[in-house]
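S.K.: Structure incoming, see below.
The values are calculated or read from the model by the stated rules, or taken from the named source; none is laboratory data. Since this is a predicted model, take the numbers as computed values, not measurements. Methodologically, a virtual Cβ is constructed for each residue, glycine included, from the backbone with ideal geometry; neighbour enumeration extends over all protein chains shown.
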């Protein structure tokens, strides 16, 4: 396998050199030369206007995957409830299954989760595989992986999707490794290639600066994790119908599901159950806040909007607020309906974690702050003036002018 | 005497903070980007060194491992300068283009050659690929437990460890048997800066290079050929962005923002 430059057509324009992030292209005697730093990412192939670069010698085995059919969703449970991302994926899975003309199934594993899992039928599910047992009351990666592998091996879906939650991001790679198939992390877009009937998995890399579309070759199922809040959940059926006839209760031999992990204890962060990705509104503070006590102002605003407080890395590193509140590449990726950035300049790592929010409001005294490049509404001003006024406006319901 | 080997898996990545997008062509401009040690891996290295410091001299050996082009040697030297004992570079054209599966295949083959490896430490994800999948896939290939997002190692001996992991909304403390693999988050420690002695050691360190032959790896199981996933298109997101700047006195600004949000039914 190698990557080749067609010397006949290459003009040495150096466009490929410009886009190569790995320092792998040099222009020698007016032609592009690819060196050993190349990781075959394909960025140069994409950008070359003369189609002068190609990867050759990649063996394509023609495997028969005709016994794999259908789309299957993992419904992750947290404390007896199915996490929302599961329902979002059922809606997305429905769209993909319809396009392929196949059935949509889901698998739920947990303890006392049947009632919550039934809700998935309202989003278009055809069949639910339910493993409900007290052995699954804690998140023990190995036995969850074992149960998932059993279901996937038995029902052979062609596509398997799971939420890119922190548990999902550790569990699903294990499952893919056992099944010996590919896995694409943190997808933000899924589509079906009409001609080949395969799943096109699009995900951000380089902190959201680049999007890559990925396919699963030579293996099935095609597996992907998808970020929470990216797909929209759409109810298409009423909840009154009894869907019990569409549930397959999978009995497991509990003695064979002994985890190698011993859970010694669980602590809620700061005695509060904070998962900022669960909220529709996030009020975030950055360096401009200047201290931990100022976060109380943001907490008040967040409270009035039924939201939660977020923070930039600068604020967390300064010790003003705890790490679970951190938004960005080294913290959490959030997609709320409204994101209010207060005194956050907008480092690229921060933007990577929040730029897909529906509405972004930026309040900053520096009109040149990069946060304004992603904001929908910008206020150049002092957060210590603007935020208290906004709180007052929301509280009193009286016009300020 | 206890003998424990700890392998820290690290990666060289382009520092993304400096990436700029050419507004004309909507493509990335690479110029001036330096290759750096994946920032999350600095915490993995530091934790490996800190574990060694919990034991007597000579009981624990920390080995840095990376797969990459020959220039990745630089980050291994960096690891040695902050306290890692030795380093191994996995480098071969056949390894290029590996997805997370083929990467874990290659790393697993190397780790199987390191006798008595009791713990593998990784950063929670890389800056470029950003998947966080190599750790759990590697652990599965080696058939050992994996704890992701470790925020604290409470206890460790040759056979067992107590480790706390961070989930979205809670900490969970586990006891697991070794050998095992963990990935660490940044609040586990504060990485140290290289000492003068460390820099000297790094300068003179011999770093062995293991290729596909040394790993007894078939060309079909590593690199792009050994990958189950393949990138078919790479592109920069179209920026279709409009901002409404709200002018006026602070009171007027707040009032207008309030009206806008009311109209959008957000408040």
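S.K.: Name the residue, out of A:49, A:59, A:31, A:63, that is more than 8 Å from chain B (Cβ to nearest Cβ) and closer than 28 Å to residue B:221 by Cβ.
M.R.: On the way: A:49 fails: closer than 28 Å to residue B:221 by Cβ; A:59 fails: more than 8 Å from chain B (Cβ to nearest Cβ); A:31 fails: closer than 28 Å to residue B:221 by Cβ.
Being more than 8 Å from chain B (Cβ to nearest Cβ) and closer than 28 Å to residue B:221 by Cβ holds for just one of A:49, A:59, A:31, A:63, which is A:63.
S.K.: Within the range A:177-205, take every residue that is farther than 24 Å from residue A:337 by Cα and within 7 Å of chain B (Cβ to nearest Cβ) and give me the one that is surrounded by the fewest Cβ atoms within 10 Å (Cβ to Cβ).
M.R.: Step by step, filter the range A:177-205, then rank; the result is A:178.
S.K.: Taking residue A:10 and the conditions (1) outside the structural domain of residue A:144 (by TED's automatic domain parsing); (2) surrounded by 14 or more Cβ atoms within 10 Å (Cβ to Cβ); (3) more than 26 Å from residue B:229 (Cβ to Cβ); (4) out of contact with any strand residue (DSSP E or B) (no Cβ under 6 Å at 6 or more places or on another chain), which numbered condition does it fall short on, given that it satisfies the others?
M.R.: (4) is the only condition that residue A:10 fails.
S.K.: Among the residues that make up the range A:311-328, is at least one of them over 19 Å from residue A:289 (Cα atoms) and part of a strand (DSSP E or B)? Step through it out loud before you land on a result.
M.R.: Applying the first criterion (over 19 Å from residue A:289 (Cα atoms)) to the range A:311-328 yields none.
There is no residue in the range A:311-328 that is over 19 Å from residue A:289 (Cα atoms) and part of a strand (DSSP E or B).
S.K.: So residue A:284 fits all but one of (1) touching a helix residue (DSSP H, G or I) at 6+ places or on another chain (Cβ under 9 Å); (2) within 14 Å of chain B (Cβ to nearest Cβ); what number is the exception?
M.R.: (2)
S.K.: Criterion first (within 11 Å of chain B (Cβ to nearest Cβ) and modelled with pLDDT of 90 or more) does residue A:305 satisfy it?
M.R.: Numbers: within 11 Å of chain B (Cβ to nearest Cβ): yes; modelled with pLDDT of 90 or more: yes.
Against the criterion (within 11 Å of chain B (Cβ to nearest Cβ) and modelled with pLDDT of 90 or more), residue A:305 qualifies.
S.K.: Continuing with the same structure: Working carefully through the options A:392, A:299, find the one that is surrounded by fewer than 19 Cβ atoms within 10 Å (Cβ to Cβ), outside the structural domain of residue A:166 (by TED's automatic domain parsing), more than 27 Å from the chain's Cα centre (by Cα) and not in a loop (DSSP other than H, G, I, E, B). Walk me through it before giving the result.
M.R.: Working: A:299 fails: more than 27 Å from the chain's Cα centre (by Cα).
Only one candidate qualifies: A:392.
S.K.: Just a yes or no: is a residue in the range A:324-336 surrounded by fewer than 17 Cβ atoms within 10 Å (Cβ to Cβ) and assigned by TED's automatic domain parsing to the domain that holds residue A:356? Break it down into steps so the answer makes sense when it comes.
M.R.: Kept after step one, since they are surrounded by fewer than 17 Cβ atoms within 10 Å (Cβ to Cβ), are these residues of the range A:324-336: none.
No: zero hits.
S.K.: How many residues are away from chain A (no Cβ under 13 Å), surrounded by 15 or more Cβ atoms within 10 Å (Cβ to Cβ) and not in a loop (DSSP other than H, G, I, E, B) when one looks only at the range B:184-198?
M.R.: Residues meeting the conditions: 1.
Every residue, every condition in (1) surrounded by 17 or more Cβ atoms within 10 Å (Cβ to Cβ); (2) not in a helix (DSSP H, G or I), yes or no:
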site: B:201; (1), (2): yes, no
site: B:206; (1), (2): no, yes
site: B:213; (1), (2): no, yes
site: B:225; (1), (2): yes, no
site: B:233; (1), (2): no, yes
site: B:245; (1), (2): no, yes
site: B:251; (1), (2): no, no
site: B:262; (1), (2): no, no
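S.K.: Looking at A:369, A:362, which is the one that is buried (at least 20 other Cβ atoms within 10 Å of the Cβ) and out of contact with any helix residue (DSSP H, G or I) (no Cβ under 7 Å at 6 or more places or on another chain)?
M.R.: Only one candidate passes the filter, namely A:369.
S.K.: Another one. So which of A:266, A:277, A:216 ends up being at the interface with chain B (Cβ under 8 Å from one of its Cβ atoms) and surrounded by fewer than 17 Cβ atoms within 10 Å (Cβ to Cβ)?
M.R.: Of A:266, A:277, A:216, the one residue that is at the interface with chain B (Cβ under 8 Å from one of its Cβ atoms) and surrounded by fewer than 17 Cβ atoms within 10 Å (Cβ to Cβ) is A:266.
S.K.: Moving on. Could you list, in sequence order, all residues of the range B:61-84 that are in a strand (DSSP E or B) and either crowded, with 24+ Cβ neighbours inside 10 Å or in contact with a helix residue (DSSP H, G or I) (Cβ under 8 Å, 6 or more places away or on another chain) (or both)?
M.R.: So the first thing to find is which residues in the range B:61-84 are in a strand (DSSP E or B), and the list is B:61-67.
Result: B:61, B:62, B:64, B:65, B:66, B:67.
S.K.: Further question on the same structure: Can you name every residue in the range B:85-106 that is touching a helix residue (DSSP H, G or I) at 6+ places or on another chain (Cβ under 6 Å), closer than 28 Å to residue B:200 by Cα and away from chain A (no Cβ under 12 Å)?
M.R.: Within the range B:85-106, B:87, B:89, B:90 qualify.
S.K.: Residue B:119: surrounded by 24 or more Cβ atoms within 10 Å (Cβ to Cβ), modelled with pLDDT under 95 and either more than 13 Å from the chain's Cα centre (by Cα) or not in a helix (DSSP H, G or I) (or both), yes or no? First the steps, then the outcome.
M.R.: Working: surrounded by 24 or more Cβ atoms within 10 Å (Cβ to Cβ): yes; modelled with pLDDT under 95: no; either more than 13 Å from the chain's Cα centre (by Cα) or not in a helix (DSSP H, G or I) (or both): yes.
No.
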